[in-house]
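S.K.: Take this structure first; my questions come after.
Nothing in this text is a laboratory measurement; each read-out follows from the coordinates by a stated rule. What you are looking at is a predicted structure, and each value in this text was computed from that prediction instead of being measured. Note that each Cβ is placed from the backbone with ideal geometry, even for glycine, and that neighbours are counted across all protein chains shown.
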Ligand code: GDP
């Protein structure tokens, strides 16, 4: 079957987005990082399954070793399923992602979001970065340009509307994401014709 995956650090709003997209309600915030395996949900209007992968990143009470296990599980899932994943929705927190990336830049470390974004590219999985919590962002264009810059996409962000989608999951403002996802799905349908 066709599949979309939802990836991103903990607390960026993946559960909230999942609920908006699927209409399913399920627990958010409880036992962060302890999600054992990918959760699958049917995405009603579109004819495919959407998979919620566990969030990665700082989780209080979750030991480093467990965090690495979670990361390995995500990487393996994406590698094993790359062929059938039509689109990845990489969720970031618009309010904090630039600071987090900059804090982890330099030295030997590659910030998780940057690593994940490039990894999805390597796997040839079409990706939309859903920049969530835009309701909390004042300097919208500057922020989105900075996010593009950190991900290696040449600003202005407006050139990347198939890749960068500012949203507010909490407010149900998802139009840019739905548009971007649809573009990728249609591109693939077209590719399948030739
Ligand atoms: P997850 O860990 O990625 O699944 O994140 P959750 O969906 O549990 O959300 C984490 C926190 O961010 C919760 O307090 C949400 O209410 C909040 N949140 C999610 N989406 C938005 C949004 O669009 N705007 C704002 N301001 N808060 C949000």
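S.K.: How long are the semi-axes of the ellipsoid equivalent to the chain, from square roots of 5 times the Cα gyration tensor eigenvalues, in whole Å, largest first? Working shown, then result.
M.R.: On the way: eigenvalues 101, 88, 62 Å².
So the three semi-axes of the chain are 22, 21, 18 Å.
S.K.: Antiparallel as a % of all DSSP beta bridges within the chain, to the nearest 5? Walk me through the intermediate numbers first.
M.R.: Numbers: 6 of 26 bridges.
Antiparallel bridges: around 25 percent, rounded to the nearest 5.
S.K.: Indicate, rounded to the nearest 5 percent, the antiparallel portion of the DSSP beta bridges found entirely in region 78-191. Could you put the intermediate results ahead of the total?
M.R.: On the way: 1 of 10 bridges.
In region 78-191, approximately 10 percent of DSSP beta bridges are antiparallel ones.
S.K.: So for each of 163-174, 2-13, 116-127 I average, over its residues, the number of other beta carbons within 10 Å; can you give me the resulting order with the highest mean first? Spell out each step's value before the answer.
M.R.: Details: 163-174: 19.7, 2-13: 22.2, 116-127: 18.1.
Packing order, densest peptide first, comes out as 2-13, 163-174, 116-127.
S.K.: Set the Förster distance to 30 Å, then compute FRET efficiency between residue 48 and residue 76 from the Cβ-Cβ distance, nearest 0.05.
M.R.: Numbers: r = 21 Å, r/R0 = 0.71.
For R0 = 30 Å, the calculated efficiency reads 0.90.
S.K.: Just subtract the alpha-carbon distance of residue 69 and residue 109 from 0.36 nm times their residue separation and send over the number in nm, one decimal.
M.R.: Details: separation 40, 0.36 × 40 = 14.40 nm, distance 1.77 nm.
Difference between extended and current length: 12.6 nm.
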